[in-house]
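Before any comments, here is the structure.
The values are calculated or read from the model by the stated rules, or taken from the named source; none is laboratory data. Predicted model only: the values in this text are computed from it and were never measured. Counting neighbours? That spans all protein chains shown, and the Cβs are built from the backbone with ideal geometry, glycine included. Remember, those area values only see protein heavy atoms, side chains included, never the ligands or the DNA or RNA. Shrake-Rupley method; radii C 1.70, N 1.55, O 1.52, S 1.80 Å.
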Amino acid sequence: MVNFMLTITAKLVNLTNLQPQGGIDDPNFSYYFKMKCNHCGEISKKATCVNLDEIILFPTRRSFTNLVQTCKLCERVGSVKLIPGYGRPLSIECGQYEIYKPLMVFDCKGLEPVDFIFGNGWRADSTDGTKFYWIDLTRGEYSDYDKDGQFPIKVLNLRAKFDVVNIDILGRIRFVVECEG
Ligand SMILES: [Zn+2]
């Protein structure tokens, strides 16, 4: 079992508090990414979709998970469970300094999440307080106009990464630094 924390950043123009439509830990928000098999290294061709609301019971292990996936190459079975409680909205300041903010933690068995894909169903507040819903980040950016504030709003330069983290018994997160190459 390895925990991966998904963190995101973006340049926000006249926008702040970018987060899933229903807020952080939105049960219906869909996370799309590819899966790398820990056994054979195969990366799934199609993106997988997981959300908090979809619960699968392991009959033998008497526990719950959010996704069970079989590797197409070696047929090993892996699973992904979402761990809520660690996400934070992305503020305009974080975007300005390219600081990555956590969105969700995934407890993965036999799989590694790679290539997060930004989809639909985001929300954010303009800097004069207007709430924007159904922000679609599928194209990698977003732009609209705030009629009250009379200024353009934009989400640009979206980036996401998965970091390996440890969660201690008190629920605190610690990043695990991995050697590359
Ligand atoms: Zn495999």
Can you compute the radius of gyration and Dmax for the stretch 2-175, using only the Cα atoms, both in Å?
17.2, 58
How much length would be gained if the chain were fully extended between Val77 and Asn166, taking 0.36 nm per residue of separation minus their Cα-Cα distance, in nm to one decimal?
29.8 nm
Neighbourhood charge, 14 Å Cβ-Cβ cut-off, centred on Tyr100 and excluding it, Lys, Arg +1 and Asp, Glu -1:
+2
Which value, in nm² and rounded to one decimal, describes the direction-averaged projected area of the C-alpha convex hull of the stretch 111-181?
7.8
Filtered hits (lysines, Cα-Cα < 21 Å from Lys161, offset >= 8 within chain) -> Lys11, Lys34, Lys36, Lys45, Lys46, Lys81, Lys101, Lys109
Heavy-atom accessible area ranking, 1.4 Å probe, most first, across Glu75, Glu98
Glu75, Glu98
Taking the Cα centre of the chain as the origin, how large is its charge dipole in debye, to the nearest 20, when only Lys and Arg (+1) and Asp and Glu (-1) carry charge on their Cβ atoms?
520
If you find the alpha carbon centre of the stretch 1-64 and of the stretch 85-104, how far apart are they in angstrom?
16
In the stretch 7-106, the trypsin sites (Lys or Arg not before Pro) that sit in a DSSP loop and have at most 14 other Cβ atoms within 10 Å of their own Cβ are Lys45, Lys46, Arg61, Arg62, Lys72
Relative contact order of the chain, pairs being alpha-carbon contacts under 8 Å that are 6 or more residues apart, as %
32
